[in-house]
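Since the structure comes first, as structure tokens, the remarks are kept for the end.
The values are calculated or read from the model by the stated rules, or taken from the named source; none is laboratory data. Computed from a predicted structure; not experimentally measured. FYI the Cβ positions are ideal-geometry reconstructions off the backbone, even for glycines, and counts take in every protein chain you see. The accessibility values were calculated without ligands, DNA or RNA, using every heavy atom of the protein model including side chains. Shrake-Rupley method; radii C 1.70, N 1.55, O 1.52, S 1.80 Å.
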Amino acid sequence: MIDHRQALDILAAADARRSARRQFLKVAGGGTLALGGASLLSGCFDSEGDDAPRPTPTPTPTPAAVTDSDILNLALNLEYLEAQFYLFAVNGTGLSAAQIASGSGAAGGTVTGGARVDFSRDPLVGAYAREIAADEAAHVDFLRAALGSAAVAMPNINISGDANGAFTAAARAAGVIGANETFDPYATPENFLLGAYIFEDVGVTAYKGAAPLLSSKVFLEAAAGILAAESYHAGLVRTVLYAKGINTPSLVTASNRISAARDALDQGGVTDQGLTGTGGAANLVPADADAIAYSRNSRQVHNIVYLNATGANLNGGGFFPNGTNNPNPTLRVGLP
């Protein structure tokens with residue numbers, strides 16, 4: 001078993017060979033951006049429908065080749081988002097300037113919003129939050145070290161809980177609050193859990209979808225390790241929400257509405273499930289009939305984080321107001 005420090009040494013030695021292992025994959029057509037999800041990168045490059053007649057004889061440009069580093073950079077964008085949310089909730093501050101700069105030294109973007117949660121009201125949730133915050137920051141550091149000079153800077157991020165913030169927009173879209181209400185994930189430990197719930201299942205399914213596209217076994221092992229950690233986080237958040245929902249059913253209702261919104265808005269079929277199962281069972285593991293976790297592609301992941309239900313803005317929105325940072329145009333969802 002290769003530990004993460006040994007993995008970094010191998011990644012550095014393998015850097016010169018990455019270009020020889022590029023995968024020429026095609027971006028899936030169709031789909032609008034919203035609050036949803038289905039395989040991080042796998043479905044994004046599906047070529048379904050490519051044999052259909054074209055409306056004009058204009059040749060379609062060949063999508064840029066996608067490398068392992070491109071895939072990890074997209075994952076890094078998501079880790080920036082999660083780390084900032086959890087660190088602000090725990091400490092009132094986020095990642096350092098050095099942790100959000102590009103590998104070549106370009107400054108990272110800005111964070112709108114973020115506040116410290118009063119976890120004295122529920123010390124157990126506070127303890128969980130501190131562990132997850134440390135994990136997410138470590139994921140950022142690990143991916144940046146693995147990518148080296150190829151690491152992208154953090155894009156502008158919105159984690160605000162005010163009336164114009166991304167969390168309020170997400171909660172309104174899911175029907176958790178009314179059209180004129182505000183959702184602040186930093187107001188209470190329960191609100192914090194619902195905010196975390198928006199992200200965690202997305203991270204799990206994103207890494208699951210990315211796994212088949214990684215050509216390097218070292219990268220694959222690293223991604224599998226992060227996937228396992230994200231799965232623990234997601235399972236913990238779902239479990240605590242379900243437990244609290246026994247006495248406060250509105251928490252389960254809100255969680256189920258968030259799941260339904262992600263499922264509907266990503267336009268990718270059934271890739272999400274709420275907290276309640278059948279026959280009085282809990283549903284702590286969203287999975288298919290074979291008890292295998294779902295996957296999401298990059299388009300569907302962007303659907304969630306951009307909060308774009310109509311497809312009117314394909315280049316950013318929601319938690320990433322100006323879009324994610326991806327050097328490969330194939331991964332910059334919504335661009336021609």
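Can you confirm whether Ala243 is closer than 22 Å to Pro185 by Cα, open to solvent by less than 40 Å² (accessible area, probe 1.4 Å) and modelled with pLDDT of 90 or more? Even if it seems obvious, please write down each step before you answer.
Working: closer than 22 Å to Pro185 by Cα: yes; open to solvent by less than 40 Å² (accessible area, probe 1.4 Å): no; modelled with pLDDT of 90 or more: yes.
No.
Can we say Asn156 is surrounded by fewer than 21 Cβ atoms within 10 Å (Cβ to Cβ) and closer than 18 Å to Val301 by Cα? Yes: the conditions hold for Asn156. Considering Ala34, Ala28, Ala75, the condition of being aliphatic (A, V, I, L, M), open to solvent by less than 50 Å² (accessible area, probe 1.4 Å) and at pLDDT 90 or above is satisfied by Ala75 alone.
No other residue among Ile100, Ile132 is under 21 Å from the mean Cα position of the chain (by Cα), modelled with pLDDT of 95 or more and under 17 Å from Leu194 (Cβ atoms) apart from Ile132.
Filtering Asp184, Asp141, Asp118, Asp135 for residues that are open to solvent by 20 Å² or more (accessible area, probe 1.4 Å) and closer than 19 Å to Val305 by Cα leaves a single hit, Asp184.
You will find that of Gly109, Gly105, Gly113, the residue that is farther than 19 Å from Phe199 by Cα and in contact (Cβ under 8 Å) with a residue 40 or more places away in the chain is Gly109 and no other. Might you let me know whether segment 193-207 holds any residue that is open to solvent by 20 Å² or more (accessible area, probe 1.4 Å), out of contact with any Asp or Glu (no Cβ under 6 Å at 6 or more places or on another chain) and among the charged types (D, E, K, R)? The answer is no; no qualifying residue exists. So, of the residues in segment 285-310 that are among the aliphatic types (A, V, I, L, M) and touching a Leu at 6+ places or on another chain (Cβ under 6 Å), which turns out to be most open to solvent (accessible area, probe 1.4 Å)? Taking the candidates together, the pick is Ala309.
Out of Gly109, Gly126, one residue alone is assigned to a helix (DSSP H, G or I), farther than 24 Å from Ala222 by Cα and open to solvent by less than 30 Å² (accessible area, probe 1.4 Å). It is Gly126. Filtered by the rule that a residue be among the β-branched types (Val, Ile, Thr) and surrounded by fewer than 21 Cβ atoms within 10 Å (Cβ to Cβ), segment 169-181 gives a lone residue, Ile177. Among residues of segment 227-239 that are within 24 Å of Ile71 (Cα to Cα), those with a beta-carbon under 8 Å from a residue that is in a helix (DSSP H, G or I) and of a type in the set (Gly, Ala, Ser) at least six positions away or on a different chain give the pairs Leu227/Ala211; Glu230/Gly203; His233/Ala196; His233/Gly203; Ala234/Gly203.
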